[in-house]
Amino acid sequence: MATTQRAEALAPTLYERILGQDHERLPAVIRGLHDVHDWESYVGQAMVVKGHSWFARLCARLLRLPKDADRVPVRVTIERYGDGERWTHQFGAQVFCSRMERPRDDAPGVIVEQFGPLSLRMRLPLDGQGLSMPIERTDLFGFRLPSWLTPIGHMRETVDSAGRFWFDVDIALPGVGRIIRYAGWLIPSGKQTAQ
């Protein structure tokens, strides 16, 4: 008697739904990190530079952003829930969390990242190297902030020369300057850590 096995199709991931056909254009390393069907964990290293103004330091403290470091171990855990993802970022002993979701208007190529009461709406343009995430607007407690309070973000995901996922996040405020910049690499936590 022959048996037949059926492979059930997995529901599309958050980034598949947001990027549509463009999802397949992502470099495999970047696509792999964002293909979260349940729970994924990544490890790596990063450098962190915070802004020097008192306001930049206050913003970083309120959002629980990591401290300055030339080289700090990083762990990122991504958990899927409903239609979104919860990201837990650990830089050394310091942990901060965010949620990633589609925008309420379901605009294609747009994602919303929420840090507590602060929400960043970002476009996700692709190029031959990877993915950028320019900030379109910012909401605080559900209210849209004016442009002079909207962060300027230079956020980029690429693949480094060692073939690892590379992130570079640089956030500033108009008239204030840099709030924080952190950049580094990640690999799946089950793999041997490259130095």
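Spot the failing condition for Lys67; the list is (1) within 20 Å of Phe165 (Cα to Cα); (2) in a loop (DSSP other than H, G, I, E, B), and only one is missed.
Among (1) within 20 Å of Phe165 (Cα to Cα); (2) in a loop (DSSP other than H, G, I, E, B), Lys67 violates only (1).
Please work out which residue is nearest to Glu40 (Cα to Cα), limiting yourself to segment 161-194 and to residues that are in contact (Cβ under 8 Å) with a residue 12 or more places away in the chain and among the polar types (S, T, N, Q).
Only one residue fits best here, namely Ser189.
Select from segment 36-66 the residues that are surrounded by 14 or more Cβ atoms within 10 Å (Cβ to Cβ) and of a type in the set (D, E, K, R) and write down the one among them that is modelled with the highest pLDDT.
It comes out as Glu40.
Working only within segment 18-53, note down all residues that are free of Cβ contacts under 8 Å to residues at least 40 places away in the same chain and more than 16 Å from the chain's Cα centre (by Cα).
Matches in segment 18-53: Gln21, Glu24, Ala28.
Scan segment 78-121 residue by residue and report those that are among the aliphatic types (A, V, I, L, M) and out of contact with any Lys or Arg (no Cβ under 9 Å at 6 or more places or on another chain).
Ala93, Leu118
Looking only at residues that are farther than 17 Å from Thr77 by Cβ and polar (S, T, N, Q) in segment 172-195, which one is modelled with the lowest pLDDT?
Gln195
Criterion first (touching a Leu at 6+ places or on another chain (Cβ under 7 Å) and buried (at least 18 other Cβ atoms within 10 Å of the Cβ)) does Ile30 satisfy it?
So Ile30 passes the test.
Which residue pairs have Cβ atoms closer than 9 Å, lie 6 or more positions apart in sequence or on different chains, and pair a first residue in segment 139-160 that is without any contact (Cβ under 8 Å) to a residue 12 or more places away in the chain and more than 16 Å from Leu126 (Cβ to Cβ) with a second residue that is in a strand (DSSP E or B) and charged (D, E, K, R)?
Within 9 Å, the pairs are Arg144/Arg137; Leu145/Arg137; Leu145/Asp139.
I'm trying to understand the selection: among the residues of segment 39-61, which are assigned to a helix (DSSP H, G or I) and in contact with a strand residue (DSSP E or B) (Cβ under 9 Å, 6 or more places away or on another chain)?
Correct list: Phe55, Ala56, Arg57, Cys59, Ala60.
The values are calculated or read from the model by the stated rules, or taken from the named source; none is laboratory data. Since this is a predicted model, take the numbers as computed values, not measurements. Don't worry about glycine lacking a Cβ; one is built from the backbone with ideal geometry, like all the others, and counts go over all protein chains shown.
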